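Structure first, then comments.
The values are calculated or read from the model by the stated rules, or taken from the named source; none is laboratory data. If you're wondering where the values come from, they're calculated on a predicted model, not measured in any experiment. Note that each Cβ is placed from the backbone with ideal geometry, even for glycine, and that neighbours are counted across all protein chains shown. The protein model used for the area step is the full one, side chains on, heavy atoms only, and it has no ligands, DNA or RNA in it. Shrake-Rupley method; radii C 1.70, N 1.55, O 1.52, S 1.80 Å.
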Amino acid sequence: MRNASDTATTSASGSPTVVRVIRGVQVLAVVAAAIGVLVFPQTGPGPFIMSVGVVILSYACMATGWNFVGGFTGYISLGHAAFTGLGGYLVGLLILRADVPSWIALVLAAVIVAVLSIPIGFASLRVRGASFVIMSLALVLIMLLIFQSWSDVTGGSNGLRVPRPFGPEVLRPEQHERFYYLHVLLLVIMLVAWWAIDRSRFGAGLKAIREDEDKAQSLGIPTFGYKLSVYVISAFFTALAGGLYALWFGFLDPIFQFSILTGSYMVLMSLLGGIRSLFGPALGAAIVGYAIEFFKAQYGDTQFHLVALGLLLGLVVLFMPEGILPSLGRLLDRLRPSATSIREESAEELANKRAVLVGDNGGAS
Amino acid sequence: MASDYLLELTDIEAGYGRAALVLRGLTVQVPPAQIVCLVGPNGAGKSTVLKVASGMLVPRSGRIVVDGADVTGKGPQQLLRAGLSHVLQGHSVFKEMTVGENVNLGAFSVRDPRHVAERLDFVKSLFPLVADRWDALAGALSGGQQKQVEFARSLMVDPKVVLLDEPSMGLDPKATAIIFEQVVRMRDAGTAVLLVEQNARRALESADVGLVLDLGRVHISGPARQLLDDPKLGELYLGGRPRTSATERQPS
Ligand SMILES: Nc1ncnc2c1ncn2[C@@H]1O[C@H](COP(=O)(O)OP(=O)(O)O)[C@@H](O)[C@H]1O
Ligand SMILES: [Mg+2]
């Protein structure tokens, strides 16, 4: 709906050169980050650091998938681990029990999760605010119970071993590298999808819902259908992320797959980076993911990193409620010379208009 | 056309929940290309009239007819399609979206992109501000400018009647003057307007037809000029001094 020629002709504020410089800095930052991500495996990081890279990319995929519903509608779901977990388990079960080839299983699992998310979204999107959050939490706990107790199929608490898609001739470092690039690919697909929605009529409707659902409805936006659609899209991508992780890691345990912690990570990462920006969740995932892995490596599997992350979340909510990227953007905006100046109509212009009006309708005003 | 009016509310009785009725047998008629101004004190039920007209509140009895078609009992989406566009009381732009996105949202229910482009041209010519500030965040505009964006948004559907709820609320006199000029421009461009105002004197100066709402009914109606010139009326309803409308909060 955004008209390209309009945006080009009306430079709303700031001098064009400054605007161009800011654009340039933004593009440069994205290109630099992309190159960094792509060449990282070639710098010989070693298998352990490579595996940390894969984990962080997996977090980036999960958070970006979460952000389809969180970013566009403002509905905060703490229960998206239900979708990563289901995605992972379905991939494993399809391969093990139905002999489906790994990559087809990955896509098929995500499609099944998307279908399952329709009734879930139907039930939970009717309520806003805290009720929605609580329903999303309940969903994870229900999944945990099901996958723990239905052990004939899921392996229960003993876990489920997921066969690797690459043969035994592919060694561990090579495995890591391949999965690293597969995660990059998935992330790029998600970012392109998010970007496309952001610019579309669908996206405009969703953002209206995020600001004021009643107002959006009064403009004729089918709010419920829109929320449900983006919820299903989010479930699909989040399940893909969960499935890809399962193929890489090769082992699933219900406690970790359906963990409230995982869902909270997605929220924290997205909020930290900024849920309204395309790259926000991925940036947040890089920071938080790195911190988690760092704490684990330094202090072992203690609960210390949880305390640190809790503190971080508190700080973000208090001091940077919009996240890092929007705050940075605002900082850049200050550089624009007349970003906040508002064109007032001069007395002369007003007088002219008045003259036109009076002339038009014989002094009705 | 079955009727001389674009919008007719006939014998409307309406209220909220179990509370007493707010409107008790109200009748309002809006002819084409005229500004009909409904004035009345705070809490008289002015906003309620517009909510009934736009389908946000279904009346207990009475009839709503738009351009000859009976639309009684229909919801907001259907009444929007029937040609009634409602600009709510208070500020209702989407502050975190650009002016362009706001205006385009007004055409959300319009399917034909050519029609949208036509309306956009029309709206931009009527409100140059919209074209000037197309990429600015709506929340960064002044209150009066935000109102203009709302007007522009409401015209995107090519409405038969625009319902304006206290457009001058919270604006300084200068911005108020601009806003009423814009209302007149809308009328001159062919749109009928049902305007509701507490700022009665100023609103009637711009209107064609004036109505005074009291105790849930229209008590006095006539050409706006005549109402303004009536000394008894001025004393009773138009008030010697302006009421402070800025502190009033929007219900629900
Ligand atoms: N959503 C609502 N629920 C209950 N009562 C309401 C609601 N909105 C308005 N009212 C009541 O209806 C009456 C008329 O309100 P309103 O139409 O907003 O008046 P006005 O716009 O003339 O100031 C008031 O007494 C008000 O308290
Ligand atoms: Mg009111």
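Numbers below:
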{"quantity": "Relative contact order for the stretch A:59-334, counting Cα pairs under 8 Å that sit 6 or more residues apart, in percent", "calculated": "35"}
{"quantity": "FRET efficiency, 1/(1 + (r/R0)^6) with R0 25 Å, evaluated for B:Glu96 and A:Leu331 via beta carbons", "calculated": "0.90"}
{"quantity": "Mean Cα-pair separation over length for chain B, i.e. relative contact order, pairs under 8 Å, 6 or more apart, %", "calculated": "26"}
{"quantity": "Solvent-accessible area, 1.4 Å probe, carbon plus sulfur percent, for chain A", "calculated": "68"}
{"quantity": "Antiparallel bridge percentage (DSSP; both residues within the protein assembly as shown; nearest 5)", "calculated": "55"}
{"quantity": "Hz values of 3J(HN,Hα) by residue in the stretch A:179-188 - Karplus curve (6.51, -1.76, 1.60), Gly and Pro given as x", "calculated": "5, 4, 6, 5, 5, 4, 4, 4, 4, 4"}
{"quantity": "Potential lengthening between A:Leu312 and A:Leu38 on full extension [0.36 nm per residue; Cα-Cα distance subtracted]", "calculated": "95.8 nm"}
{"quantity": "Residue-count net charge about B:Leu155 - beta-carbon cut-off 11 Å; Lys, Arg +1, Asp, Glu -1", "calculated": "+2"}
{"quantity": "Accessible area that becomes buried as A packs against B, both chains, 1.4 Å probe, Å², nearest 100", "calculated": "3500"}
{"quantity": "Neighbourhood charge, 15 Å Cβ-Cβ cut-off, centred on A:Trp150 and excluding it, Lys, Arg +1 and Asp, Glu -1", "calculated": "-1"}
{"quantity": "Dipole magnitude of the protein assembly as shown about its Cα centre (Cβ charges: Lys, Arg +1; Asp, Glu -1), debye to nearest 20", "calculated": "420"}
{"quantity": "Hz values of 3J(HN,Hα) by residue in the stretch A:112-120 - Karplus curve (6.51, -1.76, 1.60), Gly and Pro given as x", "calculated": "4, 4, 4, 5, 5, 6, 4, x, 5"}
{"quantity": "Qualifying trypsin sites (Lys or Arg not before Pro) in the stretch A:117-211, DSSP loop, other Cβ atoms within 10 Å at most 13", "calculated": "A:Arg126, A:Arg128"}
{"quantity": "Solvent-accessible area lost in complex, 20 Å² minimum, residues of the stretch A:220-239 relative to chain alone, 1.4 Å", "calculated": "A:Gly220, A:Ile221"}
{"quantity": "Three-way shape call for the stretch B:1-77 based on the alpha-carbon gyration tensor, with the a/c threshold at 1.5", "calculated": "oblate"}
{"quantity": "Of A:Lys215/B:Lys147; B:Lys51/B:Lys147; A:Lys227/B:Lys74; A:Lys207/B:Lys124; A:Lys227/B:Lys124, those spanning more than 26 Å from alpha-carbon to alpha-carbon", "calculated": "A:Lys227/B:Lys124"}
{"quantity": "Gaussian network model of chain A, springs between alpha carbon atoms under 10 Å - residue of A:Thr302, A:Thr154, A:Thr73 with greatest fluctuation", "calculated": "A:Thr302"}
{"quantity": "Top positive-direction residue, dipole computed over the stretch A:59-334 with Cβ charges, set A:Gln175, A:Leu191, A:Phe294", "calculated": "A:Leu191"}
{"quantity": "Net charge, A:Ala208 excluded, C-beta distance under 12 Å - Lys, Arg +1, Asp, Glu -1", "calculated": "+1"}
